[in-house]
Amino acid sequence: MFEMIGNPDKQGDMEKYMRQQFQFLGLQTPERKAQSKALIQQSKKLPIRSVHSLIADLYDRVEREYQYVAIDMAYANITRFTYSDLKELTQYIQRKSWWDTVDSWRKIYGKFVVLHSEQKGAVFNLFYQHPNMWMRRISIILQLHEKETLDTHLLTLAIDYDIDTDEFFIQKAIGWALRNYSKYNPFWVSMFVENRDLSKLAKKEASKYLKEINWEENFFDDKL
């Protein structure tokens, strides 16, 4: 059975950082990746059903690092996963949920929609209007690192659905998604912010880079 060796000297600080919600072995990312490297590599040669079984086993472990390894394993096998696999994996986003695992799962779904752009709408609908707040957070930040391929219609739907939700992690996600896209398309984001009644937090985050725009130079930009 796969087991990792923890570092008691770091355990307390890691648990404190995560507000004592989870037990930790005390393994920071480089140490965790070193100890799990062989397992991750092995997983790429296993049948997909076996990968799902390993992820399930890791998620059942008490220590938080095992959930991180499960997510690392999912990401390592992203090119082998189908939409059905991604749909099945959403159960883990809703278990032991906090920003650390949720945002790590987002990277997997974000990578999948880049690899399979024709399925972006279907993947988005796994999260859009979901009763679970963490699932809806992913609908907002699903396309976080996309530029010209970002679907503004989907982003708008996700934000508008939760625009009045009084939840820090939702409002932070709205601002985060808009801020990142403003690096590529500041005028679209500027118009969006101007025409929406965003929360103070979301607006502050979204507007971080907008003040740096050369408005005169880009006035006739047609990206809107």
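Key figures
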read-out	value
The stretch 58-71 - residue that is in contact (Cβ under 8 Å) with a residue 40 or more places away in the chain and of a type in the set (D, E) and, of those, surrounded by the most Cβ atoms within 10 Å (Cβ to Cβ)	E65
Whichever residue in the stretch 100-139 is in a helix (DSSP H, G or I) and without any contact (Cβ under 8 Å) to a residue 12 or more places away in the chain and, among such residues, is surrounded by the fewest Cβ atoms within 10 Å (Cβ to Cβ)	E118
Boolean, L25 is surrounded by 12 or more Cβ atoms within 10 Å (Cβ to Cβ), at pLDDT 95 or above, more than 18 Å from S104 (Cα to Cα) and not polar (S, T, N, Q)	yes
Residue count, the stretch 145-155 (criterion: within 16 Å of A206 (Cα to Cα) and open to solvent by 30 Å² or more (accessible area, probe 1.4 Å))	3
Unique residue being free of Cβ contacts under 8 Å to residues at least 40 places away in the same chain, closer than 30 Å to V113 by Cβ and loosely packed, with under 13 Cβ neighbours inside 10 Å when the list is K16, K45	K45
Filtered residue count, the stretch 162-205, keeping only those that are touching a Lys or Arg at 6+ places or on another chain (Cβ under 7 Å) and either in a helix (DSSP H, G or I) or open to solvent by less than 40 Å² (accessible area, probe 1.4 Å) (or both)	13
The lone exception for L142 - which of (1) more than 30 Å from Y92 (Cα to Cα); (2) open to solvent by less than 20 Å² (accessible area, probe 1.4 Å); (3) in contact with a helix residue (DSSP H, G or I) (Cβ under 7 Å, 6 or more places away or on another chain) it fails	(1)
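The values are calculated or read from the model by the stated rules, or taken from the named source; none is laboratory data. Keep in mind that this is a model prediction, so the values were computed, not measured. Backbone-built Cβ (ideal geometry, glycine too); neighbour counts: all protein chains shown. All accessible areas refer to the heavy atoms of the entire protein, side chains included, with ligands and DNA or RNA removed. Shrake-Rupley method; radii C 1.70, N 1.55, O 1.52, S 1.80 Å.
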